[in-house]
1. What ³J(HN,Hα) values, in whole Hz, does the Karplus curve 6.51 cos²θ - 1.76 cosθ + 1.60 give for the range 59-74 when θ = phi - 60°, with x put for Gly and Pro?
2. Springs between alpha-carbon pairs under 10 angstrom, Gaussian network model over the chain: which of Ile98, Ile48, Ile37 fluctuates most?
3. Which value in deg cm²/dmol, rounded to the nearest 500, describes the helix-derived mean residue ellipticity at 222 nm for the chain, given -39,500 (n - 2.57) per DSSP H run of n ≥ 4 and division by the residue count?
4. Net charge around Leu120, counting only other residues with Cβ within less than 12 Å of its Cβ (Lys, Arg = +1; Asp, Glu = -1)?
5. Roughly what angle does helix 3-21 make with the longest principal axis of the chain, taking Cα atoms, 0 to 90 degrees, to the nearest 10?
6. Compute the distribution of all C-alpha to C-alpha distances in the chain, in bins of 10 Å from 0, and list the percent of pairs in each, rounded to whole numbers.
7. Could you give the size of the charge dipole of the chain about its Cα centre, using +1 on the Cβ of each K and R and -1 on the Cβ of each D and E, expressed in debye and rounded to the nearest 20?
8. Compute the separation of the alpha-carbon centres of the range 101-135 and the range 30-63 and state it in Å as a whole number.
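None of the figures in this text is laboratory data; all of them are computed from the coordinates on show. Just so it is clear, the model here is predicted, and its values are computed rather than measured. We place every Cβ from the backbone using ideal geometry, glycine too, and count neighbours over all the protein chains shown.
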Amino acid sequence: MIARSLIKKAQNATEKAFPLSAKREDWEYLGYVGAAIETQSGNVFTGINLALLCGIGFCAEHSTAAMIQAGETQLKRMVAVAHDGKVLPPCGRCRELIYQLNKKNLDAEVILDEAERSVLLQTLLPETWQKRIRV
Ligand SMILES: [Zn+2]
């Protein structure tokens, strides 16, 4: 799958978040995001964020857990997109999440912007804590 198609799938996923969030007065502040992940086998999984108060929400990358249920943990590429179409690099927590799912994900391509600029996850997560200790 090309990067443009993956970006479009992530943006389409934000539409699923909107009905929930549209009822909230604070939605403009919290925003909503979709994510699309292409696995090494070529399957694509999408997710949406839940921007809830009291810190109980989660990022769109977290709700792509269906890939784990499908028995996959190794990514080929990933992208997160805000409802307005802006591509968002993953937050630090999501970078760590993707890494911990499969260490080979350090070689996953992360799409950074609408121009389809991308880097490998290892560029965004250069000093993993697991290099320092045995787990
Ligand atoms: Zn995140």
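1. 6, 4, 4, 5, 8, 8, 4, 4, 5, 5, 5, 7, x, 10, 9, 9
2. Ile98
3. -8000 deg cm²/dmol
4. +2
5. Once rounded, the angle reads 40 degrees.
6. Whole-percent P(r) values from 0 Å outward: 13, 44, 32, 10, 1.
7. Using only the charged Cβ atoms, the result is roughly 440 debye.
8. Rounded to whole Å, the Cα centres lie 17 Å apart.
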